[in-house]
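Peer 1: Have a look at this one.
The values are calculated or read from the model by the stated rules, or taken from the named source; none is laboratory data. All values derive from a computational prediction rather than experimental measurement. Quick reminder, even Gly has a Cβ in these numbers, built from the backbone with ideal geometry, and neighbours come from all protein chains shown. Side chains are part of the model used for accessible areas, which takes the heavy atoms of the whole protein and leaves out ligands, DNA and RNA. Shrake-Rupley method; radii C 1.70, N 1.55, O 1.52, S 1.80 Å.
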Amino acid sequence: MQALKAAGVTEVILAINYRPEVMMGFIAEWEPKLGVKIVCSQEKEPMGTAGPLALAKELLDDGSGQPFFVLNSDVVCEYPLKEMLDYHRARGAEATILVTKVDDPSKYGVLIINEYGQVQQFVEKPKEFVGDKINAGIYCCSPKVLERIELRPTSIEKEVFPHVAADGQLYAFTLAGYWMDVGQPKDYLKGLTLHLDSLNIHNPSALYNAAGVSGNVLVAASAKIGADCKIGPDVSIGEGCVIGDGVRLSNCVVMKGVEVGNHTKVGARTGLRSADGACCCCVAAHSQSAGTWTCMGKAATFCSGIPCCFEYCVVLRQPWLVAAEG
């Protein structure tokens, strides 16, 4: 949302289906902090990636013809939204897709793009090399695209964009920096590493710098960190967290309100790794704590004494656990 505001956006619409009351709390907290208007468009059933746009049509099209952004919430990157908007307007596009280059395009849907930036074709998981640019999950759309979307569960990628491309009105804008789909905890941690690396290059003053810190570390101003801690690399500590004395944190995310007891060790430095070499971290819950002398890695007992076994984890603020391959 900070990136959207920087690009000139004054209103953000959240398309939600599950637990809308959580979003209400988020809005109450962050709307004044961000200085943008945040509203919710609630789905009674999952509407896919295009249906929510039809549901929120009156909010998206105010008659001015101004384009709007569409973002998948599980994607992180450097968000070149202002540049993307300028590109979209310069070409008079109906829709522009942010694309990113990948080393192995056979795992993804690939976009075939001509020398003018127009998207000509979509090829799903090609067996032979046809291109190396994939959909990065961020779009800039003109209100005209809403005329193509029915009020039903719909895929914008499969049911809308191919028709826009056939009319020569779909363009691609190539992302220069990092990109990551963080829908799984192990990918969330990789996305954290990429984000911290980017901060180190573009805004190093945002990183935490103190005795006992190694590598890139991000710490909220309201977090409290005890004595003799070793933190890093690749750690993020959220608002209101309390980190006890002698704690060791690496390759992990500690979200809002979590307490980590004295001499607890969390992260890859436990020496535990998954089969693919990914770092191991832990998942905790809001208002709970990791007890003194706890070691969290691939296997941990946590969350009100329930035994859990996780390969990829993140310390969360909400009272549930998120894990992959556990």
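Peer 1: Looking at this structure, is residue 218 without any contact (Cβ under 8 Å) to a residue 24 or more places away in the chain, in a helix (DSSP H, G or I), in contact with a helix residue (DSSP H, G or I) (Cβ under 8 Å, 6 or more places away or on another chain) and hydrophobic (A, V, I, L, M, F, W, C)?
Peer 2: No: the conditions fail for residue 218.
Peer 1: Restricting to helices (runs of 4 or more DSSP H) lying wholly in the stretch 1-56: which have 2 or more residues that are aromatic (Phe, Trp, Tyr) and within 20 Å of the chain's Cα centre (by Cα)?
Peer 2: Qualifying helices (runs of 4 or more DSSP H): 20-34.
Peer 1: Further, regarding this structure: Looking at 163, 195 in this structure, which one is more than 19 Å from residue 108 (Cβ to Cβ), part of a helix (DSSP H, G or I), touching a helix residue (DSSP H, G or I) at 6+ places or on another chain (Cβ under 7 Å) and open to solvent by 50 Å² or more (accessible area, probe 1.4 Å)? Explain how you work it out, then say what you get.
Peer 2: Working: 195 fails: touching a helix residue (DSSP H, G or I) at 6+ places or on another chain (Cβ under 7 Å).
Just one listed residue meets the conditions, 163.
Peer 1: Here is a follow-up. If you take the residues in the stretch 98-144 that are in a loop (DSSP other than H, G, I, E, B) and among the aromatic types (Phe, Trp, Tyr), which one is surrounded by the most Cβ atoms within 10 Å (Cβ to Cβ)? So that I can check it myself, show each step before the final result.
Peer 2: To start, the set of residues in the stretch 98-144 that are in a loop (DSSP other than H, G, I, E, B) comprises 102-104, 108, 114-117, 125-132, 142.
Checking which are among the aromatic types (Phe, Trp, Tyr) leaves us with 108, 116, 129.
Details: 108: 18, 116: 9, 129: 9.
It comes out as 108.
Peer 1: Which members of the stretch 76-124 meet the condition of being of a type in the set (Lys, Arg) and within 29 Å of residue 198 (Cα to Cα)?
Peer 2: 82, 89, 101, 107
Peer 1: Restricting the search to the stretch 174-192, which residues are open to solvent by 50 Å² or more (accessible area, probe 1.4 Å) and assigned to a loop (DSSP other than H, G, I, E, B)?
Peer 2: 176, 184
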